[in-house]
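A.B. asks: Got a structure here, written out as structure tokens. Questions coming.
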Amino acid sequence: MAGFEALRGQGAAITLLEAALARDRLAPAYLFAGPPGVGRARVAAIFSSQLLCQHQPPEHHPRITQKVAARNHPDFFWVEPTYQHQGKRFTPQEAEAAGLKRKTPPQIRIEQIREITEFLARPPLEAVRSVIVLESAQTMAEGAANALLKTLEEPGRATLILIAPSPEALLPTLVSRCQRIPFYRLSQGDLITVLTPLQPEIIQETTLLNLAQGSPGAALEAWGQRETIPAPLLALSQDPPKTPKQALLQAKALASDLEPEAQLWLLNYWQQEDWQQRRDRFRLQGFEQARRALLGYGQPRLVWECLLLSLLAKG
């Protein structure tokens, strides 16, 4: 049966989960709390496989693990945030494949919580318990969270796993019904060890490693995001505008050529490179003000104009 052997940097979480399995003292719900990209979802999949393999013949374990990986085990239900479009729900991957414009972040909707209730209304078919994973549980609106609370109070023959960045991101009433499993950012050594076989070029990219902040997933995402940024716009971090006219033209290009998420990413990337080169706290304040404005749905072109002109003035 697949285990936790290959995971790095999450010894505390693994110790708690292995002890629960060894003693067969399982909580009805767990909160996997920690930053994204450090292995929370991977641990949730492994732990789910092990729960579903309990009291099953060893020869069945590989098949169960494969079904969990494909998310088609009859007693396993994985829930992730969705977008709503024309009365249909789309996962982030489905929305991207369909070319949908995404103006608001995805969320776990009350309809999805009702589907969990329906899923748990029947007894497990193959395993001794059902397992439900809620990815990005912090995206639940209050109505969905309250609906989930009723399930957590009486889960029946089921184990629920909530994945969130911190306990504070969820309603206290939800957190109180979960056993917390802590996840942490990886050390630089562990981060490089994990990334080397996956994308060895990243370990030479100081800016990307700094942006990752100990998260292999964030490092890989940053690598992929950088590849989508047009070269002239990416080069602004090394070759910023020299005149007000250039600044205004570049601001127009940034606002029109990049999606909002890409604009935020480029701003973070540029800020990281600028800080490494100059260590100028006044320029840093300019980047922070621009980030707050973009996150606050400020007019992007105006935000970039203000930032580029301010950087031009500071030299």
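The values are calculated or read from the model by the stated rules, or taken from the named source; none is laboratory data. All figures in this text were calculated on a predicted structure; none of them were measured in a lab. Please note: Cβ atoms are built from the backbone with ideal geometry, for glycine as well, and neighbour counts cover all protein chains shown.
A.B. asks: Looking only at region 109-142, which residues are of a type outside the set (A, V, I, L, M) and either under 22 Å from the mean Cα position of the chain (by Cα) or in a strand (DSSP E or B) (or both)?
C.D. replies: Answer for region 109-142, where residues must be of a type outside the set (A, V, I, L, M) and either under 22 Å from the mean Cα position of the chain (by Cα) or in a strand (DSSP E or B) (or both): Arg109, Glu111, Gln112, Ser130, Glu135, Ser136, Gln138, Thr139, Glu142.
A.B. asks: Moving on. Sort out which residues of region 120-151 are farther than 25 Å from Thr65 by Cβ and surrounded by fewer than 17 Cβ atoms within 10 Å (Cβ to Cβ), and write them in order of number. Walk me through it before giving the result.
C.D. replies: Step one: filter region 120-151 for residues farther than 25 Å from Thr65 by Cβ, giving 121, 138-151.
Those that are farther than 25 Å from Thr65 by Cβ and surrounded by fewer than 17 Cβ atoms within 10 Å (Cβ to Cβ): Ala121, Ala141, Glu142, Gly143, Asn146, Leu149, Lys150.
A.B. asks: Further question: Tell me, please, whether a residue that is in a helix (DSSP H, G or I), among the charged types (D, E, K, R) and surrounded by 14 or more Cβ atoms within 10 Å (Cβ to Cβ) can be found in region 289-296.
C.D. replies: yes
A.B. asks: Does any residue of region 77-93 turn out to be in the same structural domain as Pro165 (by TED's automatic domain parsing), more than 30 Å from Leu294 (Cα to Cα) and not hydroxyl-bearing (Ser, Thr, Tyr)? Don't jump to the end; show me each part of the working.
C.D. replies: Restricting attention to region 77-93, the residues satisfying the condition of being in the same structural domain as Pro165 (by TED's automatic domain parsing) are 77-93.
Next cut, more than 30 Å from Leu294 (Cα to Cα) only: 77-78.
Okay, now just the ones that are also not hydroxyl-bearing (Ser, Thr, Tyr), so 77-78.
Yes, that holds for at least one residue.
A.B. asks: Of the residues in region 69-119, how many are surrounded by 11 or more Cβ atoms within 10 Å (Cβ to Cβ), of a type in the set (Asp, Glu) and closer than 17 Å to Leu148 by Cα?
C.D. replies: 3
A.B. asks: Any residue at all in region 48-65 that's among the small types (Gly, Ala, Ser), modelled with pLDDT of 95 or more and outside the structural domain of Glu259 (by TED's automatic domain parsing)? First the steps, then the outcome.
C.D. replies: Kept after step one, since they are among the small types (Gly, Ala, Ser), are these residues of region 48-65: 48-49.
Remaining after also requiring modelled with pLDDT of 95 or more: 48-49.
Next cut, outside the structural domain of Glu259 (by TED's automatic domain parsing) only: 48-49.
Yes, region 48-65 has at least one match.
A.B. asks: Looking at region 31-47, I want the residues that are part of a helix (DSSP H, G or I) and have a partner that is not hydrophobic (A, V, I, L, M, F, W, C) with Cβ atoms under 7 Å, at least 6 apart or on another chain. Which pairs are those?
C.D. replies: Short answer, once both residue conditions are applied: Arg40/Gly34; Ala41/Glu135; Val43/Gln10; Ile46/Gly3.
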